[in-house]
Structure formats: structure tokens, C-alpha cells
Amino acid sequence: MASPYWTLSAFYFLLFAVTGALVPFWPLYLESLGFGPEQIGTLVALVMVTKIVAPNVWGWVADRRGRRMGLVRLGVFTAALIFGVVSASSSFRWIAALMILYGFFWSAALPQFEAVTLNHLGSRVERYTRIRLWGSVGFVVAVSGLGVVIDRFGAGSISIAVLLLLVCVAFCSLLVGERDAIRPRVDQGSLLAVLRKPPVIALLGACLLMQAGHGPYYVFYSIYLEEHGYSPTVIGGLWALGVVAEVVVFIVMHRLVARFGLRALFLLAFGLTVVRWIMVAFLADSAAAMVSAQLLHAASFGLYHGVAIQLVHRQFVGSHQGRGQALYSSVSFGAGGAAGALLAGYAWNGLGATATWLGAAAASAVALLVVWRFVLVPAPLPAPEKAQYPLQ
């Protein structure tokens, strides 16, 4: 079997290439079908709503079976099949039903794959970002390339591109080997006992608010830029720039953690996110300002996710590992993302774009206060074994 470094990295590359095609451009595809802001917000929110329940279902199954890659493969192959018929109709109900099904099965992939990756790393968890950065590279490649494709062939090409990428993800999943979970030397007790801890509640709450604040970004940022005169190629370039900044952070993340600590980096991530949304609210006509705001994606996702994934890994260990990653996904990207997308859809029509972006900044500011007051960083548990394979 090929080196786990490259098979894990390849899966992340393709997985987030799908995200790079969907997140920036799916709202443009929905707009091309004639849907309005509230309908677009609802359709995007439906995918995120599935992340509230689905990751926990998959996590519960995976923690009991102990074999995660089988569920990952089931999820990505089924998602590809579902997306293959998405263009059969342009009715709102058809798209909504398929987005719910797609979201449910797609939600099996990332949380369980995160657990597989961390298990491969063993005691070298700080090296996670060295693998995860390839997901960001995949996002950049997809968002840059698809922007050019849309300029030439129109928004209808989006659904075809996403389907092709999903097929690639499905077949790549066959190359990734399983890795048993590391069993710590301590007993955490029940999952409910872990969830009752105030630092855990605060961590999940802050993550929910962070992703709710990203709601307008994931739903309307491309439409917002288009309204301000940016072409699809430029829009794709701006999305790509943000993820390039994220990649840089992932490359040096282990050094940043060693020097500054997880707590300081977490606080910085939330603080800079507030600045980012304020810039987007007031400076959209300035290309330089939009470039600067996209560079802050290094903080609002790069630093944030790099720290959050490690905090979750420390708070949920052993038999709770899969459900811990699932809860992080469902609470933040699921509940937080769905609430942010849905509220953004209504705020965009009722209050206007500027107020919607300022609402995003406010959500991030509240999250910053929660982290500052309540989130603690537990010491890492001693791992009984090292990584199974040398990771480059």
C-alpha cells in the first residue's frame, strides 16, 4: 500500500476540491436556476442542517464498529450517486430533497476521516496540519479552475464539475488504509460526562458562533462580489487567495503552537475574524481591501480549525474519539453553519448586505468573549504508541 502521508493527503485534496467547487459557486448555480436570496439561503442551510444529526449517527456507528474507512467509502460513493441526478430537475423541492440526502451521506466522510488521520499520526498530532494543508491546496485548484470554466461555459458547468470531483473522491477512498484508534491510559467516563464539562460546552459554543458568523460568506460572498463588479474568474481568485493564506498557516502551525500556545492562537483567530467581516461590510468596492480580507482567512479558518481540531482531540479521547469529531462537525459546521446560512438569507433581503456582514462580525465577537472567559486547554494525554508510519 502507498505511503499513508500521500494517500491521506490525496483524499484531503480531492475532498476539499469538492468544497472549492460547491461553496463559492453553488449559490451562483442556484441563482442561474432562478432562485432568490431566501431560497438560496435555505438550500445551502439544508445541507448544513444534515450535519447536525448525520455526523453523530456516523460517529456512533464508527465508534462501535471500530472501522471508519468503510463508512467513509459508503458516504462518498453514495454522495456521488445522489449528485449525479441533481440536474434532472430545477424545481426547488427536487433540489432541496437531493441536498438533504447528499448532505447526510457526505457528512460521513470528513469527521471519520479526521479520526483516521489522527490515528495514523499517533503521538504526533501536531503534524496534522502538514496533511490537512493538501485539502486547502485542492480547494485552491478547484476554485481557481472552475472560475475560468464558468466564465467560458456558464453556471451550468458547475454541477458537472462537482460530479466529476465526487467520483474522484470515491475512488481515492479505496486507497486509504484503516488505522485503529489509540486507547489512552485514562478513563473519561460516559460521553455525557464529557459534554457536561464547562470548557467543552464553551468550546462547542464558540465553534457554533464562529461558523454562524461565516454564514453570509458561504452563501452570498460570490453573489456580493458579483454585484460589485467582480468577474467569476476574479471571484474564484479571491476565494483561492484566502485558502492559500490558510495553507501557509497549516504549514507553520506546529511551530506557532509550540511558540504561542493553543489558547493565544485561538483568541487571535476570533479577533481577526471580527476585523475581516467589518472590512467586507464597508470596503467591498476596494479590490485591495478584499484581498486583505481574504488573507485574513488564514485566521478565521486556518488558525481557528488548526486549534479547534486539537482541542477536540484532547477533550474527546479513546472510545469517544469518533463522536467527538462528529460533534465538532455537527455543532459548528452543522448547527452553526445552518443557522448562519438561514439567517443570512433573510437578513440579506430584510436588512441589507452591510447589516448582514456586521451581524457576522457580532457573532464572532461574542465567540471571542466565550473563548477568553471559558475555554481551557487541557494537557495532551500520553499516547501509548507512536505513528504507525513515518509521515513526511
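Brief remarks on what is shown
- Contact map, the stretch 186-198: residues that are more than 15 Å from HIS313 (Cα to Cα) paired with residues that are at pLDDT 80 or above, Cβ distance under 8 Å, separation 6+ or inter-chain. Pairs shown: PRO198/PHE374.
- Output for the stretch 342-390, where each listed residue is among the aromatic types (Phe, Trp, Tyr) and either modelled with pLDDT of 75 or more or assigned to a helix (DSSP H, G or I) (or both): TYR346, TRP348, TRP357, TRP372, PHE374
- Test: residue in the stretch 334-355 that is crowded, with 17+ Cβ neighbours inside 10 Å and closer than 24 Å to ILE131 by Cα: yes
- Scanning the stretch 146-157 for residues that are over 20 Å from the mean Cα position of the chain (by Cα), part of a helix (DSSP H, G or I) and under 23 Å from GLY242 (Cα atoms) yields GLY147, VAL148, VAL149, ILE150, ASP151.
- Single residue of ILE278, ILE309 found to be under 24 Å from LYS197 (Cα atoms) and surrounded by fewer than 21 Cβ atoms within 10 Å (Cβ to Cβ): ILE309
- Within the stretch 363-372, considering residues that are in contact with a Gly (Cβ under 8 Å, 6 or more places away or on another chain) and of a type in the set (A, V, I, L, M), the one farthest from ARG263 (Cα to Cα): ALA363
- Taken over the stretch 57-72, the residue count meeting the criterion of being over 22 Å from VAL169 (Cβ atoms) and surrounded by 20 or more Cβ atoms within 10 Å (Cβ to Cβ) is 1.
- Scan of the stretch 27-41 for residues that are surrounded by fewer than 23 Cβ atoms within 10 Å (Cβ to Cβ) and assigned to a helix (DSSP H, G or I), ordered by number: LEU28, GLU31, SER32, PRO37, GLU38, GLN39
- Single residue of the stretch 277-288 satisfying the filter (more than 24 Å from the chain's Cα centre (by Cα) and part of a helix (DSSP H, G or I)) that is farthest from LEU267 (Cα to Cα): ALA287
- Taking the stretch 253-280 as the range and being among the aliphatic types (A, V, I, L, M) and over 27 Å from LEU204 (Cβ atoms) as the test, only MET279 passes.
- Look at (1) among the β-branched types (Val, Ile, Thr); (2) surrounded by 22 or more Cβ atoms within 10 Å (Cβ to Cβ); (3) more than 20 Å from the chain's Cα centre (by Cα) and you find that ILE131 fails only one, number (3).
- Single unsatisfied condition, PHE260 versus (1) at pLDDT below 95; (2) buried (at least 21 other Cβ atoms within 10 Å of the Cβ); (3) farther than 21 Å from PHE16 by Cβ: (2)
- Of residues in the stretch 2-26 being part of a helix (DSSP H, G or I) and among the small types (Gly, Ala, Ser), the one surrounded by the most Cβ atoms within 10 Å (Cβ to Cβ): GLY20
- Conditions (1) crowded, with 24+ Cβ neighbours inside 10 Å; (2) free of Cβ contacts under 8 Å to residues at least 40 places away in the same chain: number failed by THR78: (1)
- VAL53 meets the conditions (1) hydrophobic (A, V, I, L, M, F, W, C); (2) surrounded by 22 or more Cβ atoms within 10 Å (Cβ to Cβ); (3) under 17 Å from the mean Cα position of the chain (by Cα) in every case but one. The failed one is (2).
- On the stretch given as the stretch 311-341, residues that are modelled with pLDDT of 85 or more and farther than 26 Å from PRO216 by Cβ total 0.
The values are calculated or read from the model by the stated rules, or taken from the named source; none is laboratory data. Computed from a predicted model, the values in this text were never measured in an experiment. In this analysis, Cβ positions are derived from the backbone assuming ideal geometry, glycine residues included, and neighbour counts consider all displayed protein chains.
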